[in-house]
Amino acid sequence: MHHGHEPPPAPLLDPTALNLLIDELVEHGYSVRPDFLPAHLIRHLNDELRALESHQRLTAAGIGRGREHDLRPDIRGDAIRWLDRDSRAQRAYLEAMNALKDELNRALYLGLFEYEAHFAHYPVGSFYRKHLDSFRGRGNRLISSVLYLNADWPADAGGEIVLYDPEDDSREIRRVTPEAGTFVCFLSERIPHEVLPTKQARASVTGWFRRNASQGNLVDPSR
Ligand code: OGA
Ligand code: MN
């Protein structure tokens, strides 16, 4: 019989990995952490995304927000679905991101208050051209995150994310394979990046830590 003396569940995020992430983010404006979350969580998220894809529950992604939103397969070819806490895996992932948000706030005084994320499926041949996730001054997205879900990604399958120098966006600073468990984050307003054409279907969860940029009684739209 249980008397409420079970040890608390182990945290999803390893404190050492968290510290490394923050150090890298401060020093370089980005961080790349392999095996950032437990393998079983990655598998569950991947299974969920594959099921959404096969049941046609994903929507072609566009560029721009609100009325400016436009489908541009010549710029980006993924299909997405926003996380809605509909599964244990989603809730666990969002809980981990909430813990990361608290840590970023504590270490960097960023005043982040919200995290939004979507599943993303890049079909064979798709890509996302070089872009910034947020524009300085206007943006409320401060830190971008991508968690990759693809087990045993072949070295020749393409689909890497490429990060560029904020001072010279033709200079590549990092190229990362979308291998399951790898977590990439970077300053949304600073780091130009792209997804190279993929030769295999490519799965990820992409998200943003936001700050409220409300002015007067205008509150930022959530997406
Ligand atoms: C994005 C993006 C990168 C990736 O969705 O804005 O840049 O590796 N994604 O999926
Ligand atoms: Mn992006």
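The values are calculated or read from the model by the stated rules, or taken from the named source; none is laboratory data. The structure presented is a predicted model; accordingly, all values stated were derived computationally and were not measured. Every residue, glycine among them, receives a Cβ derived from its backbone with ideal geometry; neighbour counts consider all protein chains shown. Surface areas here come from the heavy atoms of the whole protein model, side chains and all, with no ligands, DNA or RNA. Shrake-Rupley method; radii C 1.70, N 1.55, O 1.52, S 1.80 Å.
Output the residues belonging to segment 118-133 that are within 10 Å of ligand 1 (Cβ to nearest atom) and small (Gly, Ala, Ser). Matches in segment 118-133: Ala120 only. Between Arg43, Arg67, the distinction of being open to solvent by 80 Å² or more (accessible area, probe 1.4 Å) and modelled with pLDDT under 90 belongs to Arg67 only.
Does segment 111-132 include one or more residues that are open to solvent by less than 50 Å² (accessible area, probe 1.4 Å) and in contact with a His (Cβ under 8 Å, 6 or more places away or on another chain)? Checked against the condition, which is being open to solvent by less than 50 Å² (accessible area, probe 1.4 Å) and in contact with a His (Cβ under 8 Å, 6 or more places away or on another chain), segment 111-132 yields at least one hit.
Which one is farthest from Glu53 (Cα to Cα), of the residues in segment 81-135 that are aromatic (Phe, Trp, Tyr) and more than 16 Å from ligand 2 (Cβ to nearest atom)? Filtering segment 81-135 for residues that are aromatic (Phe, Trp, Tyr) and more than 16 Å from ligand 2 (Cβ to nearest atom), the one farthest from Glu53 (Cα to Cα) comes out as Tyr109.
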